[in-house]
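The values are calculated or read from the model by the stated rules, or taken from the named source; none is laboratory data. All values reported here derive from a predicted model rather than from experimental measurement. When we count neighbours, we look across all protein chains shown, and the Cβ atoms used for this are built from the backbone with ideal geometry, even at glycine. These area figures cover heavy atoms from the full protein model, side chains too; ligands, DNA and RNA do not enter into them. Shrake-Rupley method; radii C 1.70, N 1.55, O 1.52, S 1.80 Å.
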Amino acid sequence: QVQLVESGGGLVQSGGSLRLSCTSSGQTLGSYALGWFRQAPGKEREFVASINFSGRITYVASSMNDRFTISRDNAKNTIYLQMNNLNPEDTAIYYCALRNSGNYNRNAEAYDYWGQGTQVTVSS
């Protein structure tokens with residue numbers, strides 16, 4: 001069965017950086033699009049970034065595209081989210097997700113499998 005495990009979250013000061021990883025077991029990632037979403041307390045789940053099966057096409061939410069980068073290493077069954085210049089508004093649980101398609105998508109309902117999330121906390 002597909003299992004997605006996020007890692008790399010933690011506590012960081014404003015202006016700092018984190019690199020999140022999401023590793024798959026039970027499913028090789030080479031044929032599938034993946035995405036990152038986040039959810040802060042009291043807010044709806046928010047799209048962060050998505051990447052197509054090959055990694056050649058990426059999409060990052062406009063509010064984050066100058067600071068965040070999504071990438072993948074299919075040989076390692078891993079996707080990454082590099083987050084730079086973090087601010088307290090980035091505090092959230094970050095989830096990775098996989099959809100049964102090679103096409104990237106920004107809609108949470110388009111994804112079929114989800115990780116458990118990793119907490120990112122940015123202090124001011």
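Descriptive notes on the structure:
- Accessible area in square angstrom per residue, the stretch 1-63, 1.4 angstrom probe: 53
- Dipole check for the stretch 56-124: with +1 at the C-beta of Lys and Arg, -1 at the C-beta of Asp and Glu, and the Cα centre as origin, the magnitude is about 260 Debye.
- Share of carbon and sulfur in the accessible area of the stretch 57-113 stands at 40%, probe radius 1.4 Å.
- Placing a label point 7 Å from the Cα of residue 25 along the Cα-to-Cβ direction, the residues of the stretch 72-102 whose backbone N falls under 16 Å of that point are 76-79.
- Centre separation in Å (Cα based) which lies between the stretch 3-53 and the stretch 60-111: 5
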